[in-house]
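So the structure is just underneath, and the comments pick up after that.
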Amino acid sequence: MSGELTTEEKIDALPAALREIVEEFRDALPQERLEYLLDFALGMPDLPERLHAQRDQMEQVHECQTPVFVFTEIKNGAVHFYIDVPRESPTVRGYAAIVAEGLDGASPDEVLQTPEDIHFLLGLHEAISHQRLRGLHALMGYLKRQVVAKMAGKLGVVS
């Protein structure tokens with residue numbers, strides 16, 4: 001017996017907000033998933049002004065074809081992700097919005113236990129290209145690394 005979790009076990013282990021989003025996507029047809037993704041992209045908030053002014057201090061996700069920049073804060077034991085993705089890239093922007101919303105307020109441990117293949121759990125592998133999926137997978141890795149670095153006190157705080 002391997003140590004791999006089943007898809008259902010991975011979903012059950014997600015923070016509640018992200019689990020709810022994943023379940024909604026899994027209940028949809030692939031075309032509907034693209035529509036949901038677009039809805040998330042359109043609803044993604046802009047960066048707070050304090051971060052927009054210091055975007056050059058945010059980390060770029062180089063594996064994404066689209067310029068994606070991330071910043072992580074941990075306040076009172078709750079993680080908050082700020083992700084900047086151009087509106088002209090709705091697939092990546094929608095995915096970033098899902099991850100940011102679904103993990104907002106989660107504990108660092110919950111974030112670190114979240115599988116990096118959220119795109120698969122959402123069923124996006126049935127709707128978007130493999131090359132795009134690589135960037136989505138990488139984004140989750142960057143977010144986790146930032147959480148680890150913040151916990152270790154290695155990433156500065158933008159004030």
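Miscellaneous remarks
- Difference of contour (0.36 nm per residue) and Cα-Cα distance, Glu24 to Ala152: 42.6 nm
- Loop-located trypsin sites (Lys or Arg not before Pro) in the stretch 46-109 (DSSP state not H, G, I, E or B) with no more than 16 neighbouring Cβ atoms inside 10 Å: Arg87.
- Reachable aspartates and glutamates from Lys150, criterion Cα separation under 17 angstrom, eight or more residues apart if same chain: Glu59, Glu73, Asp104, Asp109, Glu110
- Low-density loop positions, GluC sites (Glu not before Pro), the stretch 62-155 - DSSP coil, at most 11 other Cβ in 10 Å: Glu88
- Mean-square fluctuations from a GNM of the chain, with a 10 angstrom spring cutoff on Cα atoms, peak among Ala41, Ala78, Ala100 at Ala78.
- The chain: C-alpha gyration tensor shape, a/c 1.5 cut-off, then a/b vs b/c: oblate
- Modelled label positions at Asp46 and Asp117, each set 7 Å beyond Cα in the direction of Cβ, lie 3.8 nm from each other.
- Between the C-alpha center of the stretch 1-62 and that of the stretch 100-118 there is a gap of 9 Å.
- Each of His125, Pro90, Leu38 was scored by the projection of its Cα onto the charge dipole of the chain, and the greatest displacement toward the positive side belongs to Pro90; charges sit on the C-beta of Lys, Arg, Asp and Glu.
- Only Lys, Arg, Asp and Glu carry charge here, each on its Cβ (+1 for the first two, -1 for the last two); on that basis the stretch 27-159 has a dipole of about 480 debye about its Cα centre.
- For the stretch 7-151, the relative contact order is 32 percent, taking Cα pairs closer than 8 Å that sit 6 or more residues apart in sequence and dividing their mean separation by the residue count.
- Rounded FRET efficiency, nearest 0.05, which uses the C-beta distance separating Ala17 from Ala53 and R0 of 25 Å: 0.30
No value in this document is a laboratory result; all are computed from the given coordinates. No experiment lies behind these values; they were computed from the predicted model shown. Don't worry about glycine lacking a Cβ; one is built from the backbone with ideal geometry, like all the others, and counts go over all protein chains shown.
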